[in-house]
Structure formats: C-alpha cells, structure tokens
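Let me begin by presenting the structure, written as structure tokens, before commenting on it.
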Amino acid sequence: MKNTLQGFSIFILLVCCNLIYKKASAQTDIDAIMMTKKNFCTGLQYSHSSWKNYWEGTLKRDNENLGKVTTQSVSIMGNYGISDKLNVLFSLPYIQTKASGGTLHGMKGAQDLGLWVKYMPVETELGKGLFSLYGLAGVSFPVSNYVADFLPLSIGMRSTNISGRLMADYQLGSFFATASGTYSYRSNIKIDRTAYYTDVMHLTNEVEMPDVLSFNVRTGYRSNYLIAEAVVNNQSTLGGFDIRRNDMPFPSNKMNATTAGVNIKYTLKSLPALSIIGGGNYVVAGRNVGQATTLYGGVFYIIDFTGKGKHGDNQVKRKP
C-alpha cells in the first residue's frame with residue numbers, strides 16, 4: 001500500500017525529472033518533453049501525501065488503529081540532454097512516514113534510486129499539429145537497508161524494478177495530449193521472517209513480487225513559460241492477493257489505483273533557467289491502497305554546458 005502511494009506522490013516522476021508517480025524544466029520520465037543537448041536540469045521536489053480511508057480488497061473502510069497515514073518526501077532529480085532526442089534522468093527520494101493513531105511507529109530514510117533513458121525516435125508533422133513518439137527504459141533499486149515488511153508505514157518495497165514505456169504525444173498550437181503505457185518487472189524480495197501466509201503458507205523468507213502495468217493520459221496547455229495539465233493515471237499489479245480482514249498489508253498484495261490530478265510548471269521570464277512546479281492528485285478508485293490526497297511543489301534549475309547560454313528544453317514543439 002505504502003509504496004504505491006509514495007509512487008503517486010512523486011510519480012509523477014515518479015519522479016520529477018521519478019516512479020514511478022511526477023513536471024519541471026528537468027522534465028520527467030512520464031512527459032513528452034526533452035532536455036536540450038548538453039543541458040542539465042536538477043532540483044528538489046517536496047511532496048505530502050495522506051489518507052485515512054483505504055480499500056481492504058474491494059471493501060472501503062478506515063482503521064482507528066492507524067488514524068491518518070502521512071507520507072512526506074524530498075526528492076533530488078536531474079535530467080541531462082545527451083542530444084535533443086536522447087536524455088538520461090535520475091531521481092532519489094528521502095521519505096518519512098507516520099500514523100496519527102495506534103502504536104505503529106513511522107519510518108524514514110533514502111528509498112530507491114531511479115534511472116531512466118528517454119529516446120524520441122519520431123517527431124513529424126501530422127495534420128496541423130506535431131506527432132512525437134518516445135521509448136523509455138528504466139531501473140530502480142534500494143539505496144538503504146529499509147524494512148519492506150512493515151506496510152503501510154514502510155518507505156518502499158526493496159525490489160529491483162526494470163521498466164519499459166512507450167509514449168505518444170500530439171501538439172496542436174499550445175494544446176497537447178499525451179498517452180503512455182508502462183510495464184515494470186519487479187524482482188523478488190527477502191523479509192525478516194522465515195514463513196508467511198498469503199492465500200497459502202510459504203515456508204521461506206523470499207517473497208515473489210507481482211509485476212506492474214500502468215497507463216497515463218495527460219492533456220492541457222504547453223508554452224515556453226507555462227505548462228498546465230490534467231492527468232489521469234491507472235496502475236495495476238499483475239497478480240498478488242487481497243489484504244485479509246483486519247490484517248496488515250503485505251508487499252505482494254494486489255495494489256491497484258486510479259488517480260486524477262493537475263500539474264503546473266512556470267518558467268521565470270526574467271530567469272529562464274529557473275522553473276517552479278506544483279500540483280496534486282487524488283486516488284479516485286483502488287484496491288488494497290489508501291485513498292490518498294497528494295500535494296507537491298519544487299524548484300529546478302538548468303545548467304548549460306554548451307557555453308552558448310541557450311539553456312532550455314524542447315518544451316514548445318514546432319513543425320519541422
């Protein structure tokens with residue numbers, strides 16, 4: 001449950017220049033914008049996510065032993081333009097969790113380092129607009145020895161994830177629409193007990209993690225200095241099982257969620273290397289996840305390594 005919510009809080013990055021869900025001049029792995037060749041954008045993003053109601057399988061309920069579960073994260077992110085068509089991105093969040101009720105203590109620490117390669121093989125005129133196609137490959141892995149088997153207050157799942165994404169974008173003037181699909185393979189993890197029960201007994205400390213399939217659609221306004229967009233994201237685990245009645249979540253639970261939200265990015269006209277971002281999202285439907293409300297904000301700065309002072313991104317697309 002927790003990892004899914006954290007993913008939405010930066011997803012979004014994920015993430016960010018990550019997760020993974022999440023938007024700035026640094027550009028993210030989930031948007032249809034490329035960093036200009038030999039430009040590097042980096043910055044910090046803060047996010048706050050909280051929920052009280054959650055889905056125990058398909059049953060929506062609350063739990064007075066937990067109260068309100070809150071997740072805060074600060075992420076450092078970056079994006080470097082190897083070329084105008086090839087970018088490399090990274091993100092690393094530091095996360096803190098807490099529950100307002102009960103006796104469970106929160107956790108904190110650095111979570112997973114996310115690395116992405118983003119390639120734009122197609123950018124062509126289509127009708128009165130411009131069509132672009134992107135391919136992305138990514139990997140994430142734990143950078144600290146955090147505990148995964150303490151949901152919903154653990155800061156992550158401790159699996160190594162390998163992801164592939166296909167994304168298409170169409171821009172007509174200053175208006176655009178983007179759609180993408182992502183498949184993420186998750187490695188097995190090990191927990192600090194020698195046996196556990198899912199829907200059957202497992203006499204091992206190794207947990208088989210189900211893979212994840214997600215879809216993202218976004219549309220809105222995109223110009224040199226402003227991006228304003230509405231975003232819908234759907235994530236489903238390809239396997240897993242439901243939380244048992246009044247039991248704690250488990251890392252290999254089925255965790256499905258649909259979120260809706262808005263993102264805004266503003267680039268300062270007086271200082272075009274600097275961008276301010278903000279936004280939020282809400283879980284409108286789910287299974288074995290909390291109904292979280294997430295708000296985020298951040299600041300990003302572009303460093304130009306060409307020596308020409310033409311820092312920026314390929315934010316406003318023009319017909320070739």
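Every number in this text was worked out from the coordinates using simple rules, so none of it is lab data. Quick caveat, the model's predicted, so the values are computed rather than measured. Because the Cβ atoms are built from the backbone with ideal geometry, glycine has one as well, and the counts that use them run over all protein chains shown.
The table that follows gives values for the structure above.
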quantity	calculated
Loop chymotrypsin sites (Phe, Trp or Tyr not before Pro), the range 167-240, which have at most 16 other Cβ atoms in a 10 Å radius of their Cβ (DSSP)	Tyr225
222 nm mean residue ellipticity, helices alone, for the chain (DSSP H n ≥ 4; -39,500 (n - 2.57); rounded to 500)	-1000 deg cm²/dmol
³J(HN,Hα) computed for each position of the range 90-106 - Karplus, 6.51 cos²θ - 1.76 cosθ + 1.60, integer Hz, glycine/proline x	9, 8, 9, x, 10, 10, 9, 10, 7, 10, 7, x, x, 10, 5, 8, x
Phi-based couplings in Hz for the range 205-222 (Karplus 6.51, -1.76, 1.60; Gly and Pro marked x)	9, 9, 10, 7, 9, x, 6, 10, 10, 9, 10, 9, 10, 9, 8, x, 10, 9
Neighbour-count ranking [beta-carbon atoms within 10 angstrom, fewest first] of Val289, Val147	Val147, Val289
Semi-axes of the equivalent ellipsoid for the range 119-192, Cα gyration tensor, largest first, Å	38, 13, 8
Estimated distance in nm for a label pair at Leu115 and Lys128, the labels positioned 7 Å out from Cα along Cα-to-Cβ	4.5 nm
Separation between Cα centres of the range 34-88 and the range 256-286, rounded to whole Å	10 Å
Using θ = phi - 60° and Karplus 6.51 cos²θ - 1.76 cosθ + 1.60, couplings along the range 147-155 (whole Hz; Gly, Pro as x)	8, 8, 8, 8, 6, x, 9, 5, 8
Exposure proxy ranking, count of Cβ atoms within 10 Å, fewest first, for Lys265, Lys308, Lys118, Lys108	Lys308, Lys108, Lys265, Lys118
Residues with amide H under 5 Å from that of Ala292, placed H, sequence gap 5 or more	Val283
Filtered trypsin sites (Lys or Arg not before Pro), the range 150-212: DSSP coil and at most 13 other beta carbons within 10 Å	Arg193
Selected from Asn233, Phe300, Leu268, residue furthest toward positive end of dipole (the chain; charges at beta carbon)	Leu268
P(r) histogram, all alpha-carbon pairs of the range 2-304 included - 10 Å bins from 0, percent	7, 29, 36, 19, 8, 2, 0
Point-to-point label distance, Tyr185-Val74, nm (Cα→Cβ direction, 7 Å offset)	3.6 nm
